[in-house]
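Written below as structure tokens is the structure these notes are about.
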Amino acid sequence: MDDKSTIAPSSVPTEAQVRDDVLAWFNEAWDPDLSLLEWREILIDSGWAVPSWSRQWFGRDLPAWADLVAQQAIRHAGGVATPVGVSMFLAAPTLYDHASNELKDRLLRRTLTGELVWCQLFSEPGAGSDLAGLTTTAVRDGDDWVVNGQKVWNTSADHADAGLLVARTDWGATKHAGLTYFVLDMDQPGVEVRPIRQMNDHCSFNEVFLTDARIPHDQVVGEVGGGWTAARGTLAHERTFSVLRRAHVEPDASGRVVDEARVEAADYLKTYEWYPQRAGRVDLVIERARAFGVADDPVVRQEIMKLLAFNRAAELTAERAKAARALGRPPGPEGSIGKLALSEVARRCNRVHSLIAGARAMLREGPDPLDAVAAEVLVSTPAQSIAGGTDEIQRNIVGENILGLPREPAVDRNKPFREVGAP
């Protein structure tokens, strides 16, 4: 790590100071002819890959907002920062917050370079919104844990090296207390991955079947029985993380590093190519209204106005949450408010596109190429209310954590899980 920073170790820097220091380092270190792996090794050693992390773990002890400032400065200068996706925005911060030093030493650096590809193994057919009701089991066998069960809605599981797995290790504890968080090696005989075909004809998710899969004990994240704490940390990051964040390279950048980064990002993002349709494509409604000749229809205009106003309010809510993170505050209930707002935007978009196009909105082919996009919106937007925590769960979080309402009644809260869950 270089010692040329203008920031005093005990001072709180400004964004301008951080940006200037990043660019000063970048202008000396950047070599576009390096491989992507070689460049990221240099980036990590500099402390600018994740400057908010401690110096012991590749950072510079800077505020949380410094990560985004550093990434943007490097990208705008024509360079490449850390990988895009689940590995960087879910796996890395969870390991940093909860894993043992030994596990961090083995996994963090390779996650930051992009050598390790991760997937998330949380949801199950009978435990999605109520994640703590999961029934995948992990039983201690000497120095290993033997895992059996099924996970579902797992992106990247078909090519991931490692999985963030939550499993039940104590059926005699309450459902939240009997969970343990693991790092699962995906390349082993006991892990079977099957793709899921969606109603919009995409195949972005998988289901994972675990049959006597083995996990070394030293790949427990946090404490045995303390998996809910680590899982909540991952879920908080998930609610503030956009898979479509374009954190790779500028369009006019060039060089071997850049070319390899583009391939990496494109390979990751093609899984999510339908996500703009899942969000509703609010950007298309005015254009579509004009194309169908209904832009002057008072009912259509009124519905478009309400949609655009609500969408702008949702954007401002997201900006408020981002500002809180920039000040170093941990992810909080505002993520649930934002998630609910996105679901409502998607539903309203669905109605407006249907109002504009009528029955033609159901056609996957038509005289206008955007007809297929509108049709995909109709079958994709329902997923927005489910993915990343259902709307019902988000409302519970808002009610209990923000409004101070009583907790939702639950008959299984204080009972051993063996009495309420199906083994």
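The values are calculated or read from the model by the stated rules, or taken from the named source; none is laboratory data. Since this is a predicted model, take the numbers as computed values, not measurements. Methodologically, a virtual Cβ is constructed for each residue, glycine included, from the backbone with ideal geometry; neighbour enumeration extends over all protein chains shown.
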Output the qualifying pairs, or none if there are none: Cβ atoms under 9 angstrom, residues six or more apart or on different chains, first residue in region 390-417 and loosely packed, with under 11 Cβ neighbours inside 10 Å, second residue not small (G, A, S).
P406/E400; R407/N396; R407/E400; R407/R413; V411/V420; N414/T174
If you go through region 395-411 one residue at a time, do you hit one that is part of a helix (DSSP H, G or I) and more than 27 Å from G133 (Cα to Cα)?
no
Pairs returned, first residue in region 365-382 that is more than 14 Å from D201 (Cβ to Cβ), second residue that is among the aromatic types (F, W, Y) and buried (at least 19 other Cβ atoms within 10 Å of the Cβ), beta-carbon separation under 8 angstrom, 6 or more apart or interchain, are none
Filter region 111-165 for residues that are small (G, A, S) and closer than 16 Å to V220 by Cα; the one that is surrounded by the most Cβ atoms within 10 Å (Cβ to Cβ) is A138
Spot the failing condition for Q71; the list is (1) farther than 24 Å from V183 by Cβ; (2) in contact with a helix residue (DSSP H, G or I) (Cβ under 6 Å, 6 or more places away or on another chain), and only one is missed.
(2)
From the option list A341, A346, A361, single residue qualifying as surrounded by 18 or more Cβ atoms within 10 Å (Cβ to Cβ), out of contact with any Lys or Arg (no Cβ under 6 Å at 6 or more places or on another chain), part of a helix (DSSP H, G or I) and touching a residue at least 40 places away in the same chain (Cβ under 8 Å) is A346
Region 198-214 residues that are outside any strand (DSSP E or B), paired with ones that are surrounded by 15 or more Cβ atoms within 10 Å (Cβ to Cβ) and among the charged types (D, E, K, R) (beta carbon under 7 Å, 6 or more apart):
N200/E376
For region 381-412, what are the residues that are closer than 19 Å to R348 by Cα and of a type in the set (S, T, N, Q)?
T381, Q384, S385, T390, Q394
Starting from region 285-299, take each residue that is touching a residue at least 60 places away in the same chain (Cβ under 8 Å) and list its partners that are surrounded by fewer than 17 Cβ atoms within 10 Å (Cβ to Cβ) and part of a loop (DSSP other than H, G, I, E, B), counting only C-beta distances under 6 angstrom and pairs at least six apart or across chains.
A289/A295
Would a scan of region 221-229 turn up a residue that is surrounded by fewer than 18 Cβ atoms within 10 Å (Cβ to Cβ) and of a type in the set (D, E)?
yes
Residues to consider are A247, A314; find the one that is closer than 26 Å to F89 by Cα and either part of a helix (DSSP H, G or I) or modelled with pLDDT of 90 or more (or both).
A314
R40 out of contact with any strand residue (DSSP E or B) (no Cβ under 7 Å at 6 or more places or on another chain), surrounded by 21 or more Cβ atoms within 10 Å (Cβ to Cβ) and at pLDDT 95 or above
yes
Between S129, S87, which is of a type in the set (S, T, Y), part of a loop (DSSP other than H, G, I, E, B) and under 19 Å from the mean Cα position of the chain (by Cα)?
S129
Which count do you get for residues in region 268-291 that are aromatic (F, W, Y) and over 19 Å from L342 (Cβ atoms)?
1
